[in-house]
Amino acid sequence: MNYSAKNSGGKIAGAIIVPMVAIVLISVFGIFGVMHWSAHLSDRNAEQSQHTLVAGAMQLTQNHLVKQQTGVAIWEEAYHVVNQTDPDKNWIHNNMTHWLYQNHGFTKSMLIDRELAVQSVYAHDLTQVWMTPNLIEDLRPAVAKVRARYIVSMKKTPSGLYRFAPEYNETRRSIAETGVLSIDGQPHLFTASAVVPQILSISKKRTPPVTLVSLMPLNGEKLHEIAEMTRLEGFVLKGFEESSTAGPQPSRRANTDGAGQFQLYSPLGRGVGVLGWNTTRPGSQMLDRITPFLALAAFMIAALVIAVIVFTRLMTKRLARSEAKAVLAARHDALSGLPNRARFHALLKEALETGFGKNTNTAVVYIDLDHFKDINDTLGHSAGDQVIVAVAQRLKWVIPDDGIVARISGDEFAMVIRNCEDDEWLEYILDQVQDEIGRPIMIGSHELFASLSMGVAVAPRDGNDPDDLLRKADIALYDAKANGRNRRSFFEANMEHQVQSRDRLSRELRLALQNDELDLAYQPQSDTGGRRIVSVEALARWTKPDGTVVSPAQFIPVAEETGLINELGIWVLNKACAKAHDWPGVIVAVNVSPNQFKHPRFVEKVMAILAANNLPPQRLEIEVTESVFAGRNDSVLKALRRLKNLGVKVALDDFGSGYSSLSYLRRFPFDTLKIDRDFLSGMNGNPEAEAILVSIIQLGKALGMTIVAEGIETLEQLRFLQAHDCHRMQGYYISKPRSEADLTAFLEEFNGDSGGGFGTDLSFQPRKVGARF
Ligand code: C2E
Ligand code: CA
Ligand code: CA
């Protein structure tokens with residue numbers, strides 16, 4: 001039970017927690033992933049635009065070099081000088097190459113003539129070692145392009161001559177070629193331009209130009225200029241990295257360490273150097289900025305998830321616990337902790353199944369606490385609860401280990417005793433149960449003695465079906481109670497018969513009421529001296545059509561069980577009140593059973609009957625036994641009080657037979673006290689019994705009640721009661737219950753003027769009526 005509850009709790013937790021954690025993890029990782037991806041994208045975009053920026057700055061710088069070189073390359077004078085067979089080197093030095101160095105910082109220059117021979121070379125430091133074949137080779141494509149463009153731009157005139165006429169700047173510039181190359185490991189910018197006249201030249205042939213190549217180291221001022229243009233930070237020129245010499249195209253990839261790179265290549269694709277800078281990586285920067293927040297958010301989400309998990313687990317655990325508790329509560333009795341009726345049924349079924357075919361006996365015992373209602377009523381419900389708990393505990397102690405004890409209802413328990421060897425062994429166990437329960441139970445300062453009645457059915461002898469066995473144990477219990485309490489009965493087939501006959505009896509009683517088969521007998525009660533009959537007790541009589549007489553001791557309990565008592569009781573009241581007219585001055589006593597008081601309009605009905613029969617309330621006496629106080633006695637007390645206030649007399653019947661009659665005397669001011677006949681039958685010269693009888697009479701008198709003794713069978717009893725001044729005498733010695741007509745005659749004779757009662761002296765002879773006994 002516990003296990004399954006936990007299990008279902010775990011399932012719930014799993015069903016909630018696992019998907020939730022998965023969703024949260026996926027979301028967190030997803031968010032981080034997207035952030036990183038977009039940061040990476042924006043980094044790459046930034047990187048690319050920085051790259052484009054550097055490329056643009058390089059282009060601009062190179063264009064600017066072309067422009068500076070053009071100052072000497074597009075010049076009539078220069079054109080003429082360089083195209084002479086023996087050009088004036090001094091002039092060239094002063095006006096072109098050195099001038100370019102002085103004015104624009106071209107540190108090196110050379111003129112390449114039409115035959116591609118190096119015409120003159122200039123270096124500001126007068127060196128020549130830099131003129132390596134590599135350099136010439138690197139420059140060759142640029143020079144070739146310049147020459148080709150120049151030739152292409154020579155237009156043939158109609159006269160057959162070729163004419164070169166630069167028309168606008170753009171064309172001129174297009175006859176220049178720039179780039180980067182390395183001289184002795186130092187990157188240089190270079191520009192190669194055709195030396196052309198400013199205005200016009202005409203020649204017979206299309207001959208290539210003299211080309212001026214000027215170089216300038218890419219460092220210091222120049223580098224700074226480029227850096228200024230790009231406005232990039234940490235702009236430097238680094239040596240060429242071999243690994244990056246993938247091709248002539250500048251690599252567009254950014255360094256992973258946050259440094260941008262722009263590879264410089266010579267026209268032949270030789271690596272020249274690398275422009276580097278600190279890339280601004282906005283994506284990463286943004287990521288760096290928000291990562292702490294994201295981490296915090298992730299941390300909070302994780303904390304939240306953990307909190308939710310802990311909470312969910314706690315809740316599911318609690319749920320599982322309350323589920324287990326509910327299961328326990330559904331199966332157990334809260335007060336005693338014993339299994340309840342439903343659980344007992346299941347356990348019994350199980351026990352019978354395991355015992356089946358094993359040649360062992362399984363006993364089912366129904367237990368009813370005797371007089372439990374009285375304990376509840378007199379000592380209060382908490383005392384009743386304590387008794388239940390004590391009994392439950394003792395039953396558990398005394399029953400064999402493999403036995404089952406359950407609480408079926410209020411004061412009903414049940415047991416299963418397995419593997420009973422035989423009836424004797426079972427009897428021994430049940431003896432122990434009775435002894436154990438018989439030990440006093442301490443409730444506060446009260447010492448209570450409980451007893452129980454038990455009904456026993458044994459499987460397989462009495463059957464193997466749990467319902468059947470329970471029913472039979474119940475029948476046996478009924479039998480035990482019917483035969484006086486504090487005893488036990490084993491189920492016997494004829495008990496079932498009795499139950500069946502009880503059922504039949506109730507059906508017949510219903511019909512008897514309808515068919516007017518019931519009648520009333522009246523038992524007279526004389527005054528102390530036996531001179532007059534002062535009252536009669538109405539007693540129900542039932543003679544079946546076949547002549548069999550059913551005793552009220554038999555059919556009244558059945559009527560009470562079936563609820564027929566209400567109808568029967570009203571019928572008795574009606575009949576008795578109607579007859580009372582025939583017996584003026586005589587009080588009619590009617591027995592009223594506790595069930596009748598449960599009827600909410602009982603008092604009204606009594607009053608209506610009195611009114612209908614025109615009978616003063618004082619002529620009616622209602623006899624109740626102390627069992628009327630069991631259960632909700634407040635409403636009963638109220639009804640009794642109302643009846644008493646209306647003038648109806650109220651008698652406490654069978655006083656002393658019950659559990660705590662004395663306490664009832666305090667609770668309601670009865671008019672009449674009827675001493676139970678057991679006191680009289682137990683008398684017979686027994687001084688103790690006599691003493692009790694006397695004290696009851698005295699007590700009743702002290703409380704101002706009329707004392708009635710019933711069951712007087714002998715003259716001795718009568719004498720004794722007369723001696724103690726008992727008010728009313730009832731019993732076979734005075735008269736047996738009589739039929740209506742009989743009673744009328746009896747009263748006329750007894751109370752008539754001719755001769756009163758049994759005599760005025762104490763000799764008390766039943767002379768007139770003896771024949772009727
Ligand atoms: P109860 O109220 O105690 O009635 C007295 C019973 O004692 C009557 O038995 C009566 O016949 C019997 N009795 C009277 N004198 C003597 C005697 O000297 N010796 C012996 N041994 N018995 C004597 P009965 O008529 O059989 O009634 C039995 C019980 O049935 C009554 O006991 C009463 O509790 C119940 N009862 C009878 N009629 C009614 C009724 O109309 N309504 C209700 N609710 N109960 C009734
Ligand atoms: Ca009575
Ligand atoms: Ca009685």
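The values are calculated or read from the model by the stated rules, or taken from the named source; none is laboratory data. None of these values were measured; they are calculated from a predicted model. As a convention, Cβ positions derive from the backbone with ideal geometry for all residues, glycine included, and neighbour counts pool all protein chains shown. In case anyone asks, the SASA skips ligands and DNA or RNA and just uses the protein heavy atoms, side chains included. Shrake-Rupley method; radii C 1.70, N 1.55, O 1.52, S 1.80 Å.
For T714, are the conditions met, namely being open to solvent by 10 Å² or more (accessible area, probe 1.4 Å), away from ligand 3 (no atom under 12 Å from the Cβ) and touching a strand residue (DSSP E or B) at 6+ places or on another chain (Cβ under 6 Å)? So T714 fails the test. For the range 600-636, taking the residues that are within 13 Å of ligand 1 (Cβ to nearest atom) and not hydrophobic (A, V, I, L, M, F, W, C), the one that is most open to solvent (accessible area, probe 1.4 Å) is identified as S627. Those strands (runs of 3 or more DSSP E) of the range 357-429 in which at least 3 residues are free of Cβ contacts under 8 Å to residues at least 60 places away in the same chain, considering only elements entirely within it, cover 412-420.
Every condition in (1) closer than 27 Å to M729 by Cα; (2) touching a residue at least 12 places away in the same chain (Cβ under 8 Å) is met by V603 except one, and the failing one is (1). Within the range 234-272, being at pLDDT 50 or above, outside any loop (DSSP other than H, G, I, E, B) and among the acidic types (D, E) holds for no residue. P557: within 16 Å of ligand 3 (Cβ to nearest atom), in a helix (DSSP H, G or I) and closer than 29 Å to S735 by Cα, yes or no? When the stated conditions are applied, P557 passes them. Among the residues of the range 647-694, those that are free of Cβ contacts under 8 Å to residues at least 40 places away in the same chain and open to solvent by 60 Å² or more (accessible area, probe 1.4 Å) comprise S657, L662, R666, R667, P669, D678, S681, N684, N686, P687, E688, I692. Only a single item in (1) farther than 23 Å from R341 by Cα; (2) surrounded by 19 or more Cβ atoms within 10 Å (Cβ to Cβ); (3) of a type in the set (D, E, K, R) is not met by D479, and it is number (1).
Whether any residue in the range 26-42 is closer than 21 Å to K145 by Cβ and open to solvent by less than 60 Å² (accessible area, probe 1.4 Å) is what I want to check. Among the residues of the range 26-42, not one is closer than 21 Å to K145 by Cβ and open to solvent by less than 60 Å² (accessible area, probe 1.4 Å), which makes the answer no. Is it fair to say L637 is within 26 Å of E710 (Cα to Cα) and within 16 Å of ligand 2 (Cβ to nearest atom)? Considered against the rule, which asks whether it is within 26 Å of E710 (Cα to Cα) and within 16 Å of ligand 2 (Cβ to nearest atom), L637 comes out as no. Restricting attention to the range 273-306, the residues that are of a type in the set (V, I, T) and assigned to a helix (DSSP H, G or I) add up to 5. Of all the listed residues (R507, R485), the sole one being of a type outside the set (G, A, S), at pLDDT 90 or above, out of contact with any helix residue (DSSP H, G or I) (no Cβ under 8 Å at 6 or more places or on another chain) and open to solvent by 10 Å² or more (accessible area, probe 1.4 Å) is R507. Contact map, the range 729-753: first residue of a type in the set (S, T, N, Q), second residue within 15 Å of ligand 1 (Cβ to nearest atom) and part of a loop (DSSP other than H, G, I, E, B), Cβ cut-off under 6 Å, separation 6 or more or different chains; pairs are Q730/E710.
Among all residues of the range 556-564, there is at least one that is surrounded by 15 or more Cβ atoms within 10 Å (Cβ to Cβ) and without any contact (Cβ under 8 Å) to a residue 12 or more places away in the chain. Checking each residue in the range 87-129 for being outside any strand (DSSP E or B), exposed (fewer than 15 other Cβ atoms within 10 Å of the Cβ), modelled with pLDDT under 85 and not small (G, A, S) picks out R114, E115, L116, D125, L126, T127, Q128, V129.
Take the residues in the range 690-736 that are charged (D, E, K, R) and more than 16 Å from ligand 1 (Cβ to nearest atom), then tell me which one is nearest to V650 (Cα to Cα).
K701
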